[in-house]
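Below is one structure, written out as structure tokens, with a few remarks after it.
The values are calculated or read from the model by the stated rules, or taken from the named source; none is laboratory data. Nothing here was measured: the structure is a model prediction, and the numbers come from that model. Cβ: placed from backbone, ideal geometry, glycine included. Neighbour counts: every protein chain shown.
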């Protein structure tokens with residue numbers, strides 16, 4: 001009598017069967033906004049580890065967001081944020097592909113959060129590609145002079161300056177900054193998550209940040225003279 005082989009059972013990466021509960025899939029879907037089948041696969045791929053499944057979906061989401069990046073986004077929203085009793089104000093334009101998405105509450109909340117981030121951290125540019133080459137060159141010259149003053153060896157200078165310029169650019173560009181409401185992610189990562197969830201290309205186009213009195217040379221009072229004037233009254 002011949003024996004028939006037993007049909008293979010679904011295995012996880014360690015060779016044991018993996019059963020994913022509907023509750024876990026539902027919770028992952030609610031947290032990430034991803035599809036049910038994607039959530040189930042994420043949990044299977046990561047042996048039921050919820051946090052790893054979130055990261056797995058995020059990585060896939062980044063890929064999906066990249067595919068949408070070439071699509072035209074001409075709708076959207078101009079958002080404003082006023083802080084510190086009117087001392088700091090931000091105007092921000094974020095574009096979407098359709099006005100339907102522009103009316104989406106999650107999109108509007110994202111616009112407000114990014115405007116608040118700009119008010120708090122004061123970036124100078126949206127992306128590193130927006131940095132004027134002359135500005136970059138001037139910063140390079142300053143950093144080079146400082147490095148030489150500190151006695152850095154010439155043979156290591158270019159490597160040192162490359163690292164310093166990258167850090168400087170990341171510090172002043174909105175997309176590279178750590179998101180003020182979630183420092184575990186950059187603004188660009190938060191944007192990619194939103195693109196993956198909403199399903200449209202979304203572009204942070206431009207912003208302007210106003211700070212009361214910025215650029216005005218304020219009068220410095222002579223404290224001694226002020227006291228003297230008060231005693232004469």
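Key figures for this structure:
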read-out	value
The range 75-112, subset in a helix (DSSP H, G or I) and touching a strand residue (DSSP E or B) at 6+ places or on another chain (Cβ under 8 Å), residue farthest from residue 176 (Cα to Cα)	99
Subset of the range 136-147 [more than 23 Å from the chain's Cα centre (by Cα) and within 29 Å of residue 115 (Cβ to Cβ)]	138, 139
Tally, over the range 9-37, of residues that are modelled with pLDDT of 75 or more and either assigned to a helix (DSSP H, G or I) or exposed (fewer than 15 other Cβ atoms within 10 Å of the Cβ) (or both)	9
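Every residue, every condition in (1) under 27 Å from residue 89 (Cβ atoms); (2) out of contact with any helix residue (DSSP H, G or I) (no Cβ under 7 Å at 6 or more places or on another chain), yes or no:
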position: 113; (1), (2): yes, yes
position: 120; (1), (2): yes, yes
position: 129; (1), (2): yes, yes
position: 151; (1), (2): no, yes
position: 170; (1), (2): yes, no
position: 186; (1), (2): yes, no
position: 192; (1), (2): no, no
position: 199; (1), (2): no, yes
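Residue-wise test of (1) within 20 Å of the chain's Cα centre (by Cα); (2) more than 26 Å from residue 26 (Cα to Cα); (3) surrounded by fewer than 12 Cβ atoms within 10 Å (Cβ to Cβ); (4) modelled with pLDDT of 75 or more.
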site	(1), (2), (3), (4)
49	no, no, no, yes
60	yes, no, no, no
81	yes, yes, no, yes
92	yes, yes, no, yes
95	yes, yes, no, yes
